[in-house]
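Asks: This is the structure I have questions about; it appears just below.
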Amino acid sequence: MKINYQFKSILMLATLLVMIVIGGCKSKEKAVKETGETLIDVYCSGPEYQSNAEYFRSNQVGESVDQASAKKKAMSNARADLAAAVETTVKGVVDNYLNSRELNNVEEAEERFESLTREVINQKLTGVKTICEKTTKTSDGKYKTYIALELAGDELMNAMNARLSEDSKLKIDYDYEQFKKTFEAEMDKMEKERNY
């Protein structure tokens, strides 16, 4: 008799818990429906498509009635975002590197560094890697292309090193190890800012 009573109590408690959990799920679902919001899944986005200490990354979307135009728009927007991120980081590297060095003519060196790094950035942006591309068609017949691009930080660093090492005016004062250390610090800083 005592075992039967305990069994019934456990069964009633389990049933009550299941009802509470189911009711809780329905109330959340109902709350989302009442606000009129719809959860949207954005392709080629999320943490794996964001810049970190190793890679510059950008993701964008392009929309058009023409499929090729949608892709061009997405690619153009993603390249522009990527270029802006690279340029901001490289500017920080150049500024911090030059501030840590005692160069003869700082102003001239800064102009040379910026000019050469801009050349390298423009060259490297032509070789970015597409890491995600999805195309959808909307209910109104338009095409949407989602795209994510990537540029390896070490490839950019190596290209900048090669170009800076070739410059006769900078060669005298250029310290690769210090420049690399400054570059890596800026990449780490970029990743930390992204995680906030």
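Asks: Every residue in region 30-45 that is at positive phi and modelled with pLDDT of 90 or more, please.
Replies: In the first step, residues of region 30-45 are kept if they are at positive phi; the result is 36, 44.
Hit for region 30-45 is 44, nothing else.
Asks: Report the residue count in region 45-90 for those that are assigned to a loop (DSSP other than H, G, I, E, B), closer than 30 Å to residue 139 by Cβ and touching a Gly at 6+ places or on another chain (Cβ under 9 Å).
Replies: Kept after step one, since they are assigned to a loop (DSSP other than H, G, I, E, B), are these residues of region 45-90: 45-46, 50-54, 65-66.
Applying the additional criterion that residues be closer than 30 Å to residue 139 by Cβ yields 45-46, 50, 65-66.
Okay, now just the ones that are also touching a Gly at 6+ places or on another chain (Cβ under 9 Å), so 65.
Summing the residues that are assigned to a loop (DSSP other than H, G, I, E, B), closer than 30 Å to residue 139 by Cβ and touching a Gly at 6+ places or on another chain (Cβ under 9 Å) in region 45-90 gives 1.
Asks: The conditions are (1) without any contact (Cβ under 8 Å) to a residue 24 or more places away in the chain; (2) surrounded by 12 or more Cβ atoms within 10 Å (Cβ to Cβ); (3) β-branched (Val, Ile, Thr), and residue 121 fails exactly one of them. Which is it?
Replies: The single condition residue 121 does not satisfy is (1).
Asks: Report, by residue number, each residue of region 115-150 that is aliphatic (A, V, I, L, M) and either farther than 30 Å from residue 41 by Cα or touching a Ser or Thr at 6+ places or on another chain (Cβ under 9 Å) (or both).
Replies: Listed by number, the residues that qualify are 116, 120, 121, 128, 147, 148, 149.
Each row is one residue, and each column tells you yes or no for (1) of a type in the set (Asp, Glu); (2) crowded, with 16+ Cβ neighbours inside 10 Å; (3) out of contact with any Asp or Glu (no Cβ under 6 Å at 6 or more places or on another chain).
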residue	(1), (2), (3)
39	no, no, yes
47	no, no, yes
51	no, yes, yes
74	no, yes, yes
81	yes, yes, yes
86	no, yes, yes
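Asks: Right, here's the next one. With region 112-196 as the region, which helices (runs of 4 or more DSSP H) entirely inside it contain at least 2 residues that are within 17 Å of the chain's Cα centre (by Cα) and modelled with pLDDT of 85 or more?
Replies: Numbers: elements: 153-166, 168-171, 176-194.
Helices (runs of 4 or more DSSP H) meeting the threshold: 153-166, 176-194.
Asks: Checking the conditions here, which among 189, 134 is in contact (Cβ under 8 Å) with a residue 40 or more places away in the chain, more than 21 Å from residue 53 (Cβ to Cβ) and of a type outside the set (Ser, Thr, Tyr)? Walk me through it before giving the result.
Replies: Working: 189 fails: more than 21 Å from residue 53 (Cβ to Cβ).
Matching residue, one of 189, 134: 134.
The values are calculated or read from the model by the stated rules, or taken from the named source; none is laboratory data. Note that this is a predicted model, so its numbers are computed, not measured. Ideal geometry is used to build each Cβ from the backbone, glycine not excepted, and the neighbour counts take in all protein chains shown.
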